[in-house]
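The values are calculated or read from the model by the stated rules, or taken from the named source; none is laboratory data. In this text the structure is predicted, and so the values were computed from the model without any measurement. When we count neighbours, we look across all protein chains shown, and the Cβ atoms used for this are built from the backbone with ideal geometry, even at glycine.
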Amino acid sequence: MCGIVGFAGTEQAAPILLDGLKHLEYRGYDSAGVAVYSPSSGLQVKKAKGRLEVLKGLTDDGRNMEGTIGIGHTRWATHGEPNDVNSHPHLSQDNKIAVVHNGIIENYVEIKEFLLSKGVCFQSETDTEVVAQLLAFYYRQDGDLMMSVYRVLHRIEGAYALGILCADTPCSFIAARKDAPLLLGYGKGCNFIASDVTAIIKHTREVSFMEDGEVALVTSDSITVFDALGRKIDKEHSFVEWDISAAEKGGYAHFMFKEIMEQPDAVRKTVAPRIKEDRIVFDELKLDEAYIRDMKKIFIVACGSSYHVGMVGKYNLERLIRIPVDVMLASEFRYADPLVDEGTLVIVISQSGETLDSMAALRKARDLGARILSIVNVVGSSIARESDHVLYTWAGPEIAVATTKAYSTQLVLLDMLGIWLADICGRISIEEYSSLLEELKRLPEKMEMILKNTEDIQYFASRYFNHDSVFYIGRNLDYALGLESSLKLKEISYVHSEAYASGELKHGTISLIENGTLVIALSTFLPLFDKELSNIIEVKSRGADVIALTTCDMAEELKKTVHNVLCIPRTSLIFQPSLGIIPMQLFAYYVALQRGCDIDKPRNLAKSVTVE
Ligand code: G6P
């Protein structure tokens, strides 16, 4: 979850590293640091607790650090509290080697004890420092840095993306990867490493993705990559399609708001290229039809909001394909004994394509014989590369920690997949297929209608922002929508909130409803409109303040019971959550704004969770 960047070139390195770190702050932002080398000043390290701004102040935006080669890091603390000492880069005791690391070294205690017994002194409480110290220890024995790096990699266990800068070999730095993302960037007269392309897109769009076990030697004019056995290998280069403007705020106050507004376009980009002559076409999927017809079960695994997409998917895919669909949190799946075999299609959903639990679940499912289809936003990410089949959500870079446009594109893509599979299995009529396709095409325009008219949402947010507990209730797809709506609110506004299936209220939660409790009643799943209305009456009669969400054609009906009604355009039943989520994202956004929260970087969270 930390962010790494490295640069070797002819320009001053520190300002470039700091700028790269700015684009990686979404990965972690409790401290940051850089190490650069110059012949006159040697290896210099500056690091500071807090946001990147603190480090920028300390280094005059990097200008007071000489040198044209360096590595940088922005941290999301795992081992050791966020403070100056625990920040990366970590230095070896002899001050020769600086290391930045993303991941967790699982056997660091054992290595630390070994090194302590050899007289090595440690500064920090981190797992990462053992890498710097062990490397220096081996290097003193070997006198060959690369050989020592391999010895370290054989000794450490866990996940890592590493950047290593050594004062004895100052024209190059070394990168290594296992189970944590790291890419190589090829510039003109300069080269890079980064956790994510956003950090270097300003300088180059030509990248290659490091694989597990690979080690790279980066200089200003070359990148040489070696496999786990030290053999030189050729890497395939990829070209990143989008440009820097996609990763910048472009006049919006927050990335989250920008990304909410980008949803119609993102959905358009995800859907449009996959509709040809009024048919859904997945050119990229090489799933044979016989396999699909024999498929016994679908299992969806994911984390966070991607899991909530899976919850919607369970209802929709079962409705469409008529085979069992299970959905499980990846962190549970990986340690459970799930009923998965060759007849199971496992769908892994992930924006980043790097979430460690989702990755582990994928590997487990593969070992159990399942086919893996992933729905991923980041091209070339680990989950995409390890899947049998990949569908990309073309949402573009998502920077705000709380996902919006990635969620929306995942949702629509999963629905499309459901329709496509149902058609192959012969479980959908021609009429239903065409009407779903028509609605699918109109979704972006309907999303735009919601985004053009946000006054009511702002009004409700300003009226209720100081509530300290909010309940979301709904049935069927509205329950799944409630899970995501509630997560949005708690993530960015720190308001306690929970989502309940409305029918469950009376089994416990209704005891929490008292005068003035805010309940957001989701009533867009129209087959159960009347049932939901009964639940609304139940909570109202116990004193709840209710905001209800329904389709515009049902708004008048609902207003007979509820004063505060938000409405969204009507669409096909299965797509309704794609519209319903937008007012809920905006509500969470405006509540967080009123509460003065740091919307794009909420406390304790990170966007890409590459630790367990
Ligand atoms: C983090 C993010 C969430 C995201 C979850 C899963 O918690 O803050 O927005 O839903 O990780 O991430 P993934 O990249 O696998 O979708």
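Give the range 376-399 a look and list any residue that's in contact (Cβ under 8 Å) with a residue 60 or more places away in the chain and within 21 Å of residue 212 (Cβ to Cβ), or say none.
378, 379, 380, 381, 382, 385, 389, 390
Being within 12 Å of the ligand (Cβ to nearest atom) and either in the same structural domain as residue 299 (by TED's automatic domain parsing) or in a loop (DSSP other than H, G, I, E, B) (or both) is the requirement here; does residue 375 meet it?
Taking the combined requirement at face value, the residue satisfies it.
Restricting attention to the range 135-148, which residues are farther than 16 Å from residue 88 by Cα and assigned to a helix (DSSP H, G or I)? Working first, answer last.
Kept after step one, since they are farther than 16 Å from residue 88 by Cα, are these residues of the range 135-148: 136-148.
If the condition is that a residue be farther than 16 Å from residue 88 by Cα and assigned to a helix (DSSP H, G or I), then 136, 137, 138, 139, 140, 141, 142, 145, 146, 147, 148 are the ones that fit.
Listed residues 499, 592, 555; which is without any contact (Cβ under 8 Å) to a residue 40 or more places away in the chain, aliphatic (A, V, I, L, M) and within 16 Å of the ligand (Cβ to nearest atom)? Spell out how you get there, then give the answer.
Details: 592 fails: without any contact (Cβ under 8 Å) to a residue 40 or more places away in the chain; 555 fails: within 16 Å of the ligand (Cβ to nearest atom).
After applying the criteria, what remains is 499.
Would a scan of the range 266-277 turn up a residue that is in contact (Cβ under 8 Å) with a residue 24 or more places away in the chain and polar (S, T, N, Q)?
Yes - at least one qualifying residue is present in the range 266-277.
Restricting attention to the range 205-246, which residues are buried (at least 18 other Cβ atoms within 10 Å of the Cβ) and of a type in the set (Val, Ile, Thr)?
207, 215, 218, 223, 225, 240
I need the full set of residues from the range 323-353 which are among the acidic types (Asp, Glu) and either near the ligand (Cβ under 10 Å from one of its atoms) or farther than 18 Å from residue 308 by Cα (or both), in order please.
Passing the criteria: 337, 341, 342.
Filter the range 480-515 for residues that are small (Gly, Ala, Ser) and either touching a strand residue (DSSP E or B) at 6+ places or on another chain (Cβ under 6 Å) or crowded, with 16+ Cβ neighbours inside 10 Å (or both) and give the result.
As a first pass, look at the range 480-515 and keep what is small (Gly, Ala, Ser): 480, 482, 485-486, 493, 497, 499, 501-503, 508, 511.
Selection gives 480, 482, 485, 486, 493, 497, 499, 501, 502, 503.
As an exercise: evaluate residue 481 against (1) part of a helix (DSSP H, G or I); (2) more than 20 Å from the chain's Cα centre (by Cα) and give the number of the one condition it does not meet.
(2)
Which of the residues belonging to the range 354-365 are more than 6 Å from the ligand (Cβ to nearest atom) and not hydrophobic (A, V, I, L, M, F, W, C)? First the steps, then the outcome.
The first filter runs over the range 354-365 and keeps only residues more than 6 Å from the ligand (Cβ to nearest atom), leaving 354, 356-357, 359-365.
Across the range 354-365, the qualifying residues are 354, 357, 363, 364.
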